[in-house]
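Let me begin by presenting the structure, written as structure tokens, before commenting on it.
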Amino acid sequence: MCEPVTWLDRAVVPAGPYLALCLSEAAFRSAMADLGVSRNCDWVMEPHADATAHYFDNSHDGGLAVIVCLRNWEGRPPTATAAMLVHEAVHAWQQYALRIREEIPGSEQQAYGIQYIAQSLMEEFARQTAPENRKPARKSRHA
């Protein structure tokens, strides 16, 4: 009788970055606290920008953590919001490639990496902005 086969992990690359999507400054500050980051920085780095990707070391295991911050998305066409998330996904992938010392990633490796990061960000955006997850707007006392 043969011994049963033990299948090994299918991963062929190091673990990707930890990802968080923050739609408010409060969420950004909370994510930084989770990582043990105490430095003070703007949640969206440029006054004219509506999205920023921040890169940190996860204090728990040293892994790359990417916090994507997005503001002023309300009222934009969904395609514009998706495009901003893809843009920030590219930056997350670039930081990941640097972290693993990959100077010339294969085109398919890069495409799949960016696709996975972008899809994860879009799924999280959909979850956070679903009607059941949105905080109700405050009613004006003057209405």
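Here are a few things to note about the model shown:
- In segment 1-22, the residues that are of a type in the set (A, V, I, L, M) and surrounded by 18 or more Cβ atoms within 10 Å (Cβ to Cβ): Leu19, Ala20, Leu21
- Look at (1) assigned to a loop (DSSP other than H, G, I, E, B); (2) under 23 Å from Gln109 (Cβ atoms) and you find that Ala49 fails only one, number (2).
- Contact map, segment 77-90: first residue closer than 16 Å to Tyr55 by Cβ and free of Cβ contacts under 8 Å to residues at least 40 places away in the same chain, second residue small (Gly, Ala, Ser) and surrounded by 14 or more Cβ atoms within 10 Å (Cβ to Cβ), Cβ cut-off under 6 Å, separation 6 or more or different chains; pairs are Glu88/Ala51; Glu88/Ala53; Ala89/Ala118.
- Evaluated against (1) surrounded by 14 or more Cβ atoms within 10 Å (Cβ to Cβ); (2) modelled with pLDDT of 90 or more; (3) polar (S, T, N, Q), Thr79 falls short on exactly one condition, (1).
- Pro105 being over 17 Å from the mean Cα position of the chain (by Cα) and surrounded by 12 or more Cβ atoms within 10 Å (Cβ to Cβ): yes
- When segment 48-58 is filtered for residues that are within 17 Å of the chain's Cα centre (by Cα) and over 17 Å from Gln95 (Cα atoms), the ones remaining, listed by number, are Ala49, Asp50.
- Arg127 vs. criteria loosely packed, with under 15 Cβ neighbours inside 10 Å, modelled with pLDDT of 90 or more and assigned to a loop (DSSP other than H, G, I, E, B): no
- Any chance Gly62 is part of a loop (DSSP other than H, G, I, E, B) and buried (at least 16 other Cβ atoms within 10 Å of the Cβ): no
- Considering segment 84-102, the residues that are over 14 Å from the mean Cα position of the chain (by Cα) and either part of a loop (DSSP other than H, G, I, E, B) or at pLDDT 95 or above (or both) include one that is surrounded by the fewest Cβ atoms within 10 Å (Cβ to Cβ), namely Arg101.
The values are calculated or read from the model by the stated rules, or taken from the named source; none is laboratory data. Note that the coordinates shown come from a computational prediction; the quantities given were computed from them, not determined experimentally. Glycine gets a Cβ as well: all are built from the backbone with ideal geometry, and neighbour counts include every protein chain shown.
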